[in-house]
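To keep things clear, I will list the structure first and then write my remarks on it.
The values are calculated or read from the model by the stated rules, or taken from the named source; none is laboratory data. Source: prediction; values computed, not measured. No Cβ is skipped: glycine too gets one built from the backbone with ideal geometry, and neighbour counts run over all protein chains shown. When the accessible area is computed, the model is the full protein with side chains, heavy atoms only, and any ligands, DNA or RNA have been set aside. Shrake-Rupley method; radii C 1.70, N 1.55, O 1.52, S 1.80 Å.
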Amino acid sequence: MSIQKNLHNILQSIPEGVKLIAVTKTHSIETIMEVYNCGHKIFGENKVQELVSKHKLLPNDIEWHFIGHLQSNKVKYIAPFISLIHSVDSIKLLVEIDKQANKNNRIIDVLLEFHIAEEESKHGLKKEDIKEIFESELFQKLNNVRIIGVMCMATFTNDEQTIRKEFKELKYIFDFIKHKYFNLQYFKEISMGMSNDYEIAIEEGATIIRIGSNIFGSR
Ligand SMILES: *Cc1c(COP(=O)(O)O)cnc(C)c1O
């Protein structure tokens, strides 16, 4: 099937209000332009260097999302243009994003990434870190970074029960934070669901899904 058709089918199948990030990692400028030319302009990348070079070459009305593990020393390269950083996993990174956002005279939206999956390899915060972050003095001083929600990656498995349980856990964490620290309108995003599990994610409350292979084919 063509990229256009894939994109169309996914957009048709997701409820209004769920935002689709087309994950463009490893794909060429020409391939990405096929999606752009369909009118879809929300893209995600997981490596800073690849994102920066694609940002330079592609039209500037694209909304870029950073979805990979982010090192503090690389925040400065994406701070001028990034729309949403999905993968904040430490207070140190939050402080650096705040600093770089301030330098660029803007506010950067971020999500807190939680480690819920069974795999050790996945990054993210633990439930126990929530209190430490939100009640820290450093946190109180952040003016240019805005936490608008949470993110996770489920275990890579075909076992639907495991995946569903993990998405429920992220929804629970979201509700907990919202209730305890953030009864604010802007704290509203739950980024979960990829090609193999986005339908389950939507059933469990995802507001943002991140899809690569189902649009572009396997990498
Ligand atoms: C690659 C990637 C995706 C998309 O994965 P697909 O299985 O190709 O849909 C989503 N989220 C993150 C964090 C990724 O790195």
Rounded FRET efficiency, nearest 0.05, which uses the C-beta distance separating PHE182 from ASN143 and R0 of 22 Å: 0.85
Residue order for ILE202, ILE85 - accessible surface, 1.4 angstrom probe, largest first: ILE202, ILE85
Heavy atoms of VAL95: accessible area, 1.4 Å probe, square angstrom to 10: 50 Å²
Span from the the stretch 105-161 Cα centroid across to the the stretch 1-18 one, whole angstrom: 27 Å
Residues of the chain: accessible area per residue with a 1.4 Å probe, Å²: 51 Å²
FRET efficiency estimate (nearest 0.05) - Cβ-Cβ, GLN4 to ASN60, R0 25 angstrom: 0.65
Net lengthening on full extension, SER121/ASN102 (0.36 nm per residue, minus Cα-Cα): 3.6 nm
Estimated distance in nm for a label pair at ARG164 and THR31, the labels positioned 7 Å out from Cα along Cα-to-Cβ: 3.3 nm
Percent carbon-and-sulfur accessible area, the stretch 83-131, ignoring ligands, DNA and RNA, probe 1.4 Å: 45 percent
Carbon/sulfur fraction of accessible area - the stretch 144-219, other protein chains in place, 1.4 Å, %: 49 percent
Carbon/sulfur fraction of accessible area - the stretch 1-74, other protein chains in place, 1.4 Å, %: 49 percent
Those trypsin sites (Lys or Arg not before Pro) in the stretch 88-126 that DSSP places in a loop and that have at most 16 other beta carbons within 10 Å: ARG106, LYS126
Where GluC sites (Glu not before Pro) fall in DSSP loop in the stretch 1-101, at most 11 other Cβ within 10 Å: GLU16
Sites GLN12 and GLN49, calculated FRET efficiency, Cβ-Cβ separation with R0 35 Å, nearest 0.05: 0.55
The chain - percent relative contact order, Cα under 8 Å, separation 6 or more: 20 percent
